[in-house]
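Visitor: Got a structure for you, questions after.
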Amino acid sequence: MLIIPTYNERDNIATLVSRIRGAAGNEPILFVDDNSPDGTADEIRRIQATDANIHLLARPGKGGFGSACRDGMKKILQGNVDPYMIQMDADLSHPPESLPRMIELLKTNPVVIGSRYVSGGGANGWDFRRHALSFGANIYARILTGIPAHDLTAGFVGYQANTLRLLKLEEIRSEGYAFQMEMKFNLHRAGIRFCEFPIIFLERRSGKSKFTRKILLEGIRFPLGVMEKRITGRL
Ligand SMILES: Nc1nc2c(ncn2[C@@H]2O[C@H](COP(=O)(O)OP(=O)(O)OP(=O)(O)O)[C@@H](O)[C@H]2O)c(=O)[nH]1
Ligand SMILES: [Mg+2]
């Protein structure tokens, strides 16, 4: 099952679903939409009429990326039938064509990360500043947190359902990039090993980024908080 949080992604949905269907057949998809003002949920419902493997969790208002993922994960775990779940963005930054490899790797690995920072991976459509920011953020986070993965802010991540059951999802509070790190941090603490495979991340072409100053600050603070706990022996 794929979990795709959406906020104002109306123009991306049809292309996204068609590329997922082309690459991964009838893989079920759970969209988690926060009452997007642009009518993303209506577009999802329109496609649902012809595709029985599309599900929609409609939330009343913008609750944040992290909580959308958490709610989606909890709903799928409650269903108790999906052996794995894969979170990806709706803006086509995560190539649907990499799904078959991710699904194959999930048969033997508890957590699989579509990574920009392993050999063969990368990002297209970024200027030097954005490359430097993302790369630097990953090194910063890796040194401070000690999480053994190359792409800590990666948002294209697959989990075996039983692995997610090891976490207390309600205790994960972050909303932006920090959510990606906090998930990986908790998995690492639970003794889980990460499998990374290369993906080429593509900058969004349609719709707007939801990146905010608050998300940036949260992303800077999370590794600092972990570092503090490591130093003071509170882990
Ligand atoms: N349900 C829900 N989805 C969200 C929310 N914020 C972001 N999203 C979705 O989460 C995914 C990632 O958000 P993006 O805006 O692409 O954030 P980003 O990838 O950090 O930023 P860019 O690289 O500029 O695209 C997209 O599918 C968004 O539509 C939210 O508050 N609620
Ligand atoms: Mg994006």
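The values are calculated or read from the model by the stated rules, or taken from the named source; none is laboratory data. Nothing here was measured: the structure is a model prediction, and the numbers come from that model. FYI the Cβ positions are ideal-geometry reconstructions off the backbone, even for glycines, and counts take in every protein chain you see. The area values use the complete protein model at the heavy-atom level, side chains included, leaving out ligands, DNA and RNA. Shrake-Rupley method; radii C 1.70, N 1.55, O 1.52, S 1.80 Å.
Visitor: Cross-link list Lys184/Lys214; Lys107/Lys168; Lys168/Lys210; Lys62/Lys107; Lys107/Lys210: which exceed 31 angstrom alpha carbon to alpha carbon?
Guide: Those over the limit are Lys62/Lys107; Lys107/Lys210.
Visitor: Only helices at least 15 Å long along their axis, Cα-based, and averaging -0.5 or more on Kyte-Doolittle count here, so list those DSSP H runs from the chain.
Guide: 10-24, 65-79, 128-145, 213-232
Visitor: Oh, and also: Normalising by the residue count of the chain, find the relative contact order in percent from Cα pairs under 8 Å and 6+ residues apart.
Guide: 24
Visitor: Quick check: the distance between the Cα centres of the stretch 133-209 and the stretch 19-88, to the nearest angstrom?
Guide: So the separation of the two Cα centres works out to 19 Å.
Visitor: At 1.4 Å probe size, with every protein chain present, just tell me what the per residue accessible area of the stretch 2-232 comes to in Å².
Guide: 47
Visitor: I would also like to ask the following. List the residues, sorted by chain then number, that are 5 or more residues from Glu196 or on another chain and whose placed amide H is less than 5 Å from its amide H.
Guide: Amide H to amide H, under 5 Å and 5 or more residues apart or across chains, Glu196 pairs with Ile113.
Visitor: Roughly to the nearest percent, how much of the accessible area of the chain is carbon and sulfur, given a 1.4 Å probe?
Guide: 54
Visitor: Mind ordering 110-116, 137-143, 169-175 by average Cβ neighbours within 10 Å, highest first?
Guide: Ranking the peptides 110-116, 137-143, 169-175 by packing returns 110-116, 137-143, 169-175.
Visitor: How are the Cα pair distances of the chain distributed, in percent, across 10 Å bins from 0?
Guide: Calculated P(r), rounded to whole percents: 7, 34, 39, 17, 2, 0.
Visitor: Rounding to the nearest 20 debye, state how big the charge dipole of the stretch 2-232 is about its Cα centre with +1 on each Lys and Arg Cβ and -1 on each Asp and Glu Cβ.
Guide: For the stretch 2-232, the charge dipole is close to 580 debye.
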